[in-house]
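The values are calculated or read from the model by the stated rules, or taken from the named source; none is laboratory data. Remember, predicted model here, so these are calculated numbers, not experimental data. Here Cβ is always computed from backbone atoms with ideal geometry, including for glycine, and neighbour counts include all displayed protein chains. When the accessible area is computed, the model is the full protein with side chains, heavy atoms only, and any ligands, DNA or RNA have been set aside. Shrake-Rupley method; radii C 1.70, N 1.55, O 1.52, S 1.80 Å.
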Amino acid sequence: MTLKREIYKALEDVVGPENISEAPLILGSYAQRTRPRFEAVTLPQNTGEVQAIVRLCNRFKVQFKASSSGWGAYGDAGGPGVVKLDLRRMNRILEINEKNMYAVVEPYVIYAQLQAELMKRGLNCNITGAGSNCSALPLAAHQGIGHLSVSGSYGERNQLALEWVTPDGEIVRLGSLGSLGQWWCGDGPGPSLRGIIRGNVMPLGGLGVYTKAAQKVYHWPGPSTFAIEGVSPHYNPSQIPPGFMIRYVSFPSSDKLSQAAHKVGASEIGFILMGFNPAMMASNMATNNNEDRAYFKQFTDLVQGPGFLIIMAGNSPSDTEYKKKVLQQIMDEYSGKSLEPVEDPKNAGGFMWRFIRVTSSIREVARASGIFAGQVGGTDVFYLMHQYILRSSPLKERLINEGRLLADGTDPFVQLVEHGHAGHGELLIRFNKQDPEAMKAPAEVGMFANKTAIEGHFGVPGHVWGDAAHDQYGPHTSNYHLWLRKIKKTYDPNAASEATNYITVND
Amino acid sequence: MALEDYRSDMEMCCRCSICKFVPLEKLKEIQHSYVCPSIARYNFHTYAGGGRMGMGIAMLEKELEYDGKLLEVVYNCQMCGACDISCKYAMDMEVLEPINEIRIKCVEDGHTVPALDGVINSLRKQGTMVPGAKARRGEWAKGLDVKDITRQKAKVIYHAGCRVCYDEDMWRVAKATVTLLHKAGIDVGIAGENESCCGGRAYQMGYKEELLNQAKQNMELIKKSGAEILVTGCADCYCAFKVLYDKFGLKDDLEVLHTTEYLARLIKEGKLKPTKKVETKVTYHDPCHLGRLGEPYIHWEGKPVPGHIRIFGPPKEFRRGTYGIYEPPRDVLKSVPGLELVEMDRIKEYAWCCGAGGGVKETNPEFARWTARERIDEAESTGAEAIVTACPGCERNFKDTIKENGSSLKVYDVVELLEKAT
């Protein structure tokens, strides 16, 4: 299908000829992972252009789909007949409000950029665990849970006021923006619609376009910039900032890990807490896959069982001392053991900065084979999420023993959100994409994860999107899928917002 | 190696987009956080390193027809390698190599662009990538008492390079280099009108055969001369002699040094003593082919080890820009009394390109100037009075851009400032 000339010309009039293309070469690069191609790719520069494109798509009965930094495949075309909005020209930080501690960004600001600007002002933000290469819009994709979530919460909770181009082309300003023209609150005075515009894991491009959003930012007790020495990939801070400390603590059992993590949350000593397994620690540190294997073996030999990474950031010398003492007490109580290579001063600063800037997610998930998958838990009570994600470990072990997955350990990673107010967990699998048997593994893990979640009443996990998954979960969860379809139908009467990864109106 | 040999590298791309930015650990502010001129200027993902990986696969799969758009994307890239370095912070995959192979494939399949065909014709006929007659190549050295290595033996050969030989504005850099080497007591010679293009830029443009022809011709001349060390002040030439000739097994045991490396060594050995004050505040621009692309070539032959992790037997060491030439030019500048060196945001392995590379200055001068303008703005933001570089290609493009767009920023080669101080 090629766009009718009339439609193409109308889109071209909106963005200018340099910012639209239907060349097979251009379209192909947006379809590397999922083969369906867009009919055209547009590069709008502002909300007005986004709105105009959306309205044209409604008028001409073609679908549209927007994405920003685009790592998640959710932004790819789900089928033919779709116009792409690549939002990379909308790349400004619009405001950093130090007094009221929020930041307003357009979709193509990435977290590394936002964090760098915030740190200069003594502030910091949560960064999605996918990495600081991802969009800093708090509702760009998925849940926005990340390394800093123990102290910096996550996307849904951090999101404040929002500008939204609805699927039929209205501009809606939510929260305080809607009534006062200000960004400081997501839920009013004025319309909120937070549940509608977010859902459980975001509409993933299926419910219009989010063009600007504010998010809550947090106190940063560290320096305005980390002084990094060395040349890529061998970066290391020249010194660890005063008051900062990093440890990887392993425990004799998952239960002990869970209890210790709970205590860390209750005492609010964690700046970052991630229940990484040795494989992720190894991948984070290694600058190549050979090193990765060596560190993995070394770390596996040194740990006593599942563990967590913790970074503490003291606000004063006495606060630092307090946090250190509390951690030691928790380690004593639950038989925690520190992984020496992490606390080694030669490595500690590098680990610390990679985790704070969240630069190594690509190393951790993609470097091994260029592909990864797994099970993504929801956001609920920490212990519940830990139990849910833990149940998949035997399946992963079997798949590893069958030679279908990379043998990188079977401990899932778990994490605290808001000092244990909530928790989250994931199970990563990595495999050779040229191996047909390996390529079946993600589906097996997914099926098992869904069965576990439904039968075990663990709620709706984070990997649930698209019609089939919602239809599977909905009947067990208050028929939410029916409501979701009503939302979709109400806000998108022409089904213009392509929703393969959200939910479609196929009654 | 051919494009097909990099299929698995290209398939590793996970579309994370770190190829578009400076290494994220080093990102200090939103300004100057982009590293790839091509995606920064043209915006469609296709222009990024990751997009080019997809293009390479599509070409192998014969999903793309050669057309104007394909060649426009292929050649609107300076081949600066910044995407390669940012990617390899995290990944074990080649990026710049397949991008270069895409160009080689275009040339081999007979799909070239007229602007480059003209340049290559000049190379074939006159041995130069810059318009000029072979007989005029040695004119820059008139009046200099320097050995002609085609007739006299010298331990060191100074290769001036096309840009210097045919751009009178650059002659003073070459003259200053020879003068400094003489002051240090170095037995140096030149090939004069017998010097020929290194072929490096031709390779970046996709003309592999031309590189090989030039390499064979140059190495024959150097062998005959008996010179042990080749010194050049051009980053492209440096990369060609040191890296590309080695890649194709044509370098032998020739030691290749950039002038800044050699001069830094001579200063350290006390053979050159900068004593005169040059009171100025400058910032240094790392040329791509001296910096991140100037590290030694690493020979490797092997194959993937079967399994779920991408490792090779024998292990493959990727070139990640770690061992580029970053400190010698800075050491030379720091040796100049009175000179204050301030750094831009994007330096060393993640320096922003000057804009001239990869044939862009020939095929799309507007893009070359746009890229240079970005760098000039960045240099101005440091408060420096001058941007100093170590490559005539960068210098020319900066000067052309300043002339057209205006700026009070001066442009120097490192050698000029050292000469003033010595």
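For the range A:126-157: of the residues being hydroxyl-bearing (Ser, Thr, Tyr) and assigned to a loop (DSSP other than H, G, I, E, B), which is farthest from residue B:18 (Cα to Cα)?
Per the criteria, the residue is A:153.
Scan the range A:371-386 and give yes if some residue there is farther than 30 Å from residue A:238 by Cβ, within 13 Å of another protein chain (Cβ to nearest Cβ) and surrounded by 23 or more Cβ atoms within 10 Å (Cβ to Cβ), otherwise no.
So far as the range A:371-386 goes, no, none of its residues is farther than 30 Å from residue A:238 by Cβ, within 13 Å of another protein chain (Cβ to nearest Cβ) and surrounded by 23 or more Cβ atoms within 10 Å (Cβ to Cβ).
Considering only the range A:39-89, state which residues are facing another protein chain (nearest Cβ under 10 Å) and acidic (Asp, Glu).
A:76, A:86
Could you please let me know if residue A:131 is of a type outside the set (Asp, Glu) and either surrounded by fewer than 24 Cβ atoms within 10 Å (Cβ to Cβ) or in contact with a Pro (Cβ under 8 Å, 6 or more places away or on another chain) (or both)?
It is false that residue A:131 is of a type outside the set (Asp, Glu) and either surrounded by fewer than 24 Cβ atoms within 10 Å (Cβ to Cβ) or in contact with a Pro (Cβ under 8 Å, 6 or more places away or on another chain) (or both).
If a residue has to be surrounded by fewer than 17 Cβ atoms within 10 Å (Cβ to Cβ) and either under 14 Å from residue A:141 (Cβ atoms) or modelled with pLDDT under 95 (or both) to count, how many in the range A:195-222 make the cut?
Going through the range A:195-222 one residue at a time, the tally reaches 1.
Using beta carbons and a limit of 7 Å, which pairs, at least six apart or on different chains, have the first residue in the range B:372-386 and under 18 Å from residue B:287 (Cα atoms) and the second one assigned to a loop (DSSP other than H, G, I, E, B) and of a type in the set (Gly, Ala, Ser)?
From residues that are under 18 Å from residue B:287 (Cα atoms), the pairs are B:372/B:355; B:376/B:407; B:380/B:407.
State whether one or more residues within the range B:45-54 are more than 9 Å from every other protein chain (Cβ to nearest Cβ) and open to solvent by less than 20 Å² (accessible area, probe 1.4 Å).
Within the range B:45-54, one or more residues are more than 9 Å from every other protein chain (Cβ to nearest Cβ) and open to solvent by less than 20 Å² (accessible area, probe 1.4 Å).
Of the residues in the range B:102-126, how many are of a type outside the set (D, E, K, R) and open to solvent by 10 Å² or more (accessible area, probe 1.4 Å)?
Of the residues in the range B:102-126, 12 are of a type outside the set (D, E, K, R) and open to solvent by 10 Å² or more (accessible area, probe 1.4 Å).
Please go through the range A:59-73 and give me each residue that is among the basic types (Lys, Arg) and either closer than 21 Å to residue A:29 by Cα or touching a helix residue (DSSP H, G or I) at 6+ places or on another chain (Cβ under 9 Å) (or both), ordered by number.
If the condition is that a residue be among the basic types (Lys, Arg) and either closer than 21 Å to residue A:29 by Cα or touching a helix residue (DSSP H, G or I) at 6+ places or on another chain (Cβ under 9 Å) (or both), then A:59, A:65 are the ones that fit.
Identify, please: which residue in the range A:114-125 is under 18 Å from the mean Cα position of the chain (by Cα) and either more than 9 Å from chain B (Cβ to nearest Cβ) or not in a helix (DSSP H, G or I) (or both) and is, among those, farthest from residue A:148 (Cα to Cα)?
It comes out as A:124.
Among the residues of the range A:444-461, which ones are at negative phi, in a loop (DSSP other than H, G, I, E, B) and surrounded by 19 or more Cβ atoms within 10 Å (Cβ to Cβ)? Reasoning before the result, please.
First pass over the range A:444-461, keeping only residues at negative phi: A:444-456, A:458, A:460-461.
Of the ones still in play, those that are also in a loop (DSSP other than H, G, I, E, B) are A:456, A:458, A:460-461.
Of everything in the range A:444-461, those that are at negative phi, in a loop (DSSP other than H, G, I, E, B) and surrounded by 19 or more Cβ atoms within 10 Å (Cβ to Cβ) turn out to be A:458, A:460, A:461.
In the range B:134-150, how many are open to solvent by less than 40 Å² (accessible area, probe 1.4 Å) and among the hydrophobic types (A, V, I, L, M, F, W, C)? Give the derivation first.
To start, the set of residues in the range B:134-150 that are open to solvent by less than 40 Å² (accessible area, probe 1.4 Å) comprises B:137-138, B:140-141, B:146, B:148-149.
From what's left, among the hydrophobic types (A, V, I, L, M, F, W, C): B:140-141, B:146, B:149.
Here the count works out to 4.
Across the range B:350-390, which residue is nearest to the other protein chains (Cβ to nearest Cβ) among those that are of a type in the set (Phe, Trp, Tyr) and not in a loop (DSSP other than H, G, I, E, B)?
B:350
Select from the range A:397-412 the residues that are touching a strand residue (DSSP E or B) at 6+ places or on another chain (Cβ under 6 Å) and either open to solvent by 50 Å² or more (accessible area, probe 1.4 Å) or at pLDDT below 95 (or both) and list them in ascending order.
Result: A:412, single match.
Is it true that some residue in the range A:172-184 is of a type in the set (Val, Ile, Thr), in the same structural domain as residue A:111 (by TED's automatic domain parsing) and in contact with a helix residue (DSSP H, G or I) (Cβ under 6 Å, 6 or more places away or on another chain)?
no
Given the conditions (1) in contact (Cβ under 8 Å) with a residue 12 or more places away in the chain; (2) more than 20 Å from residue A:87 (Cβ to Cβ); (3) within 7 Å of another protein chain (Cβ to nearest Cβ); (4) not in a helix (DSSP H, G or I), which single one is not true for residue B:63?
The single condition residue B:63 does not satisfy is (1).
Can you say whether residue B:93 is away from every other protein chain (no Cβ under 14 Å) and open to solvent by less than 10 Å² (accessible area, probe 1.4 Å), as far as the supplied structure shows?
Values: away from every other protein chain (no Cβ under 14 Å): no; open to solvent by less than 10 Å² (accessible area, probe 1.4 Å): yes.
When the stated conditions are applied, residue B:93 does not pass them.
Taking the range A:231-240 as the search range and keeping residues that are within 14 Å of chain B (Cβ to nearest Cβ), assigned to a loop (DSSP other than H, G, I, E, B) and farther than 20 Å from residue B:29 by Cβ, which one is least open to solvent (accessible area, probe 1.4 Å)? Give the derivation first.
Here is the first cut: in the range A:231-240, the residues within 14 Å of chain B (Cβ to nearest Cβ) are A:231-238.
This time we only want the ones that are assigned to a loop (DSSP other than H, G, I, E, B), so: A:231-235, A:238.
Next cut, farther than 20 Å from residue B:29 by Cβ only: A:231, A:233-234.
Values: A:231: 29, A:233: 7, A:234: 90 Å².
Ranking the candidates gives A:233 first.
Which residues, counting only those in the range B:25-38, are facing chain A (nearest Cβ under 8 Å) and either open to solvent by less than 10 Å² (accessible area, probe 1.4 Å) or among the hydroxyl-bearing types (Ser, Thr, Tyr) (or both)? Steps first, please.
Kept after step one, since they are facing chain A (nearest Cβ under 8 Å), are these residues of the range B:25-38: B:25-30, B:33.
Of everything in the range B:25-38, those that are facing chain A (nearest Cβ under 8 Å) and either open to solvent by less than 10 Å² (accessible area, probe 1.4 Å) or among the hydroxyl-bearing types (Ser, Thr, Tyr) (or both) turn out to be B:25, B:27, B:33.
Looking at (1) touching a residue at least 12 places away in the same chain (Cβ under 8 Å); (2) more than 30 Å from residue B:317 (Cα to Cα), find the lone condition where residue A:255 falls short.
Condition not satisfied by residue A:255: (1).
Please report, ordered by residue number, the strands (runs of 3 or more DSSP E) entirely within the range A:1-104 with at least 3 residues that are open to solvent by 10 Å² or more (accessible area, probe 1.4 Å) and in contact (Cβ under 8 Å) with a residue 12 or more places away in the chain. If you could, list the steps in order and put the result at the bottom.
Numbers: elements: A:40-42, A:63-67, A:82-86, A:93-97.
So the answer is A:63-67, A:93-97.
Return the pairs, sorted by first residue and then second, in which the second residue is of a type in the set (Lys, Arg) and part of a loop (DSSP other than H, G, I, E, B), the first residue lies in the range A:436-458 and is within 18 Å of residue A:397 (Cα to Cα), the beta carbons are less than 8 Å apart, and the residues are 6+ apart or on different chains.
Here the result reads A:437/A:404; A:438/A:404; A:439/A:433; A:440/A:404; A:441/A:404; A:452/A:391, each pair linking the range A:436-458 to a residue that is of a type in the set (Lys, Arg) and part of a loop (DSSP other than H, G, I, E, B).
How many residues does the range A:136-152 contain that are open to solvent by 10 Å² or more (accessible area, probe 1.4 Å) and either within 14 Å of chain B (Cβ to nearest Cβ) or among the charged types (D, E, K, R) (or both)?
2
Could you figure out which of (1) at the interface with chain A (Cβ under 8 Å from one of its Cβ atoms); (2) modelled with pLDDT of 95 or more; (3) surrounded by fewer than 24 Cβ atoms within 10 Å (Cβ to Cβ) isn't true of residue B:18?
Status for residue B:18: all satisfied but (3).
Among (1) part of a strand (DSSP E or B); (2) open to solvent by 10 Å² or more (accessible area, probe 1.4 Å); (3) aromatic (Phe, Trp, Tyr), which single condition is residue A:164 missing?
Residue A:164 satisfies all of (1) part of a strand (DSSP E or B); (2) open to solvent by 10 Å² or more (accessible area, probe 1.4 Å); (3) aromatic (Phe, Trp, Tyr) except (2).
For the range A:201-219, check the following and say yes or no: at least one residue is polar (S, T, N, Q) and part of a loop (DSSP other than H, G, I, E, B).
For the range A:201-219, residues polar (S, T, N, Q) and part of a loop (DSSP other than H, G, I, E, B): absent.
Listed here are the residues, each with its yes/no results for (1) closer than 13 Å to residue B:10 by Cα; (2) in contact with a strand residue (DSSP E or B) (Cβ under 8 Å, 6 or more places away or on another chain).
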{"residue": "B:40", "(1), (2)": "no, yes"}
{"residue": "B:46", "(1), (2)": "no, no"}
{"residue": "B:50", "(1), (2)": "yes, no"}
{"residue": "B:58", "(1), (2)": "yes, no"}
{"residue": "B:63", "(1), (2)": "no, no"}
{"residue": "B:71", "(1), (2)": "no, no"}
{"residue": "B:75", "(1), (2)": "no, no"}
{"residue": "B:80", "(1), (2)": "no, no"}
